[in-house]
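> This is the structure I want to talk about, given as structure tokens.
The values are calculated or read from the model by the stated rules, or taken from the named source; none is laboratory data. This is a predicted model, so every value here is computed, not measured. Don't worry about glycine lacking a Cβ; one is built from the backbone with ideal geometry, like all the others, and counts go over all protein chains shown. These area figures cover heavy atoms from the full protein model, side chains too; ligands, DNA and RNA do not enter into them. Shrake-Rupley method; radii C 1.70, N 1.55, O 1.52, S 1.80 Å.
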Amino acid sequence: MNKNVVPTLELRKVVKTFKQGGQNLDVLRGVDLEIMPGEVVALIGPSGSGKSTMLQIAGLLDRPSKGEIYLNGQKCSKLGDGMRTSLRRDYLGFVYQYHNLLPDFDATENVMLPQLIAGVKYKEAREKARWLLSRLKLEKRYSHRPAELSGGEQQRVAIARALANAPKLLLADEPTGNLDPKTAEIVFAELLAIVKETGLSALIATHNFELADRMDRKVSLEEGKLVDKRLEAFVPIEGSNFY
């Protein structure tokens, strides 16, 4: 492994403690993790183990009680809200179990919105939105609103939206958890293909061990600690061909 390659994401000794009934509840107890450029990592563990909490912290949506988060080598834990928002917009993409699409906008518009917020011109945003939707086999659904789409189609639009601003790191929390097994397989295969094609790094929380086995590496949250389930050495890439 090239020691000069900077991890896309690094967590160092991350602790997260919540107050519950007058007592401290330690959800994360010194989590260490590195994800290299181009690496897709499965995050597994039982319900309530802290997977969502870990993703929220990695995505700068929550702050750790102790420890540090680095994105592309930049120390993030003590950044102000404005800088954290900028990093989320420019560096991170998020996919959740529920699609969270805006109901009054069609598929193209839902994928355009994060680009427009980032200052991309309308025509360019529209072209990229339709390119992503087409890449996810939704070229016949450009003008459909969420209520007119199936669950799998809604989730693919959500994936396109997460990729719209060309993030370096994708964070996904049970992205196929609300789908039937056949649809989940289709959506996951398309997600994995586009992530690999574009050279993204990704941390994907899932209960589906079959899907987890298809990623580069598995890590498991066990009693607040992260256990590496590495199957084989991963060779990071030093650049990507995103768009």
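> Starting from segment 17-28, keep only residues that are free of Cβ contacts under 8 Å to residues at least 12 places away in the same chain and under 14 Å from Arg63 (Cα atoms), then list their pairs with residues that are exposed (fewer than 14 other Cβ atoms within 10 Å of the Cβ) and not β-branched (Val, Ile, Thr) whose Cβ atoms are within a distance under 9 Å, requiring at least 6 positions of separation or different chains.
Listed by first residue and then by second, the contacts come to Phe18/Asn24; Phe18/Leu25.
> Tell me, which residue of segment 130-148 that is assigned to a loop (DSSP other than H, G, I, E, B) and open to solvent by 10 Å² or more (accessible area, probe 1.4 Å) is nearest to Tyr98 (Cα to Cα)?
Of everything passing the filter in segment 130-148, Arg145 is nearest to Tyr98 (Cα to Cα).
> Considering Ser52, Ser86, which residue is more than 24 Å from Leu192 (Cβ to Cβ) and either among the small types (Gly, Ala, Ser) or surrounded by 18 or more Cβ atoms within 10 Å (Cβ to Cβ) (or both)? It would help to see each step written out before you state the result.
Details: Ser52 fails: more than 24 Å from Leu192 (Cβ to Cβ).
Ser86 is the lone residue from the list that is more than 24 Å from Leu192 (Cβ to Cβ) and either among the small types (Gly, Ala, Ser) or surrounded by 18 or more Cβ atoms within 10 Å (Cβ to Cβ) (or both).
> Which members of segment 1-46 meet the condition of being part of a loop (DSSP other than H, G, I, E, B), open to solvent by 40 Å² or more (accessible area, probe 1.4 Å) and of a type in the set (A, V, I, L, M, F, W, C)?
Of the residues in segment 1-46, the ones part of a loop (DSSP other than H, G, I, E, B) are 1-8, 21-22, 36-39, 45-46.
Narrowing further to those that are open to solvent by 40 Å² or more (accessible area, probe 1.4 Å): 1-4, 6, 21-22, 46.
Selection gives Met1, Val6.
> So Pro64 ticks every box in (1) touching an Asp or Glu at 6+ places or on another chain (Cβ under 8 Å); (2) within 28 Å of Val5 (Cβ to Cβ); (3) touching a residue at least 12 places away in the same chain (Cβ under 8 Å) but one. Which box is left unticked?
Result: Pro64 passes all but (1).
Each row is one residue, and each column tells you yes or no for (1) at pLDDT below 85; (2) under 21 Å from Ala125 (Cβ atoms); (3) surrounded by fewer than 23 Cβ atoms within 10 Å (Cβ to Cβ).
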| site | (1), (2), (3) |
| --- | --- |
| Ser150 | no, no, yes |
| Gln154 | no, yes, no |
| Asn165 | no, yes, yes |
| Asp173 | no, no, yes |
| Asn178 | yes, no, yes |
| Ala189 | no, no, yes |
| Leu192 | no, no, yes |
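> Does Leu55 satisfy the criteria of being within 25 Å of Phe18 (Cβ to Cβ), within 17 Å of the chain's Cα centre (by Cα), at pLDDT 90 or above and not in a helix (DSSP H, G or I)?
Here the answer is no, as Leu55 does not meet what is asked.
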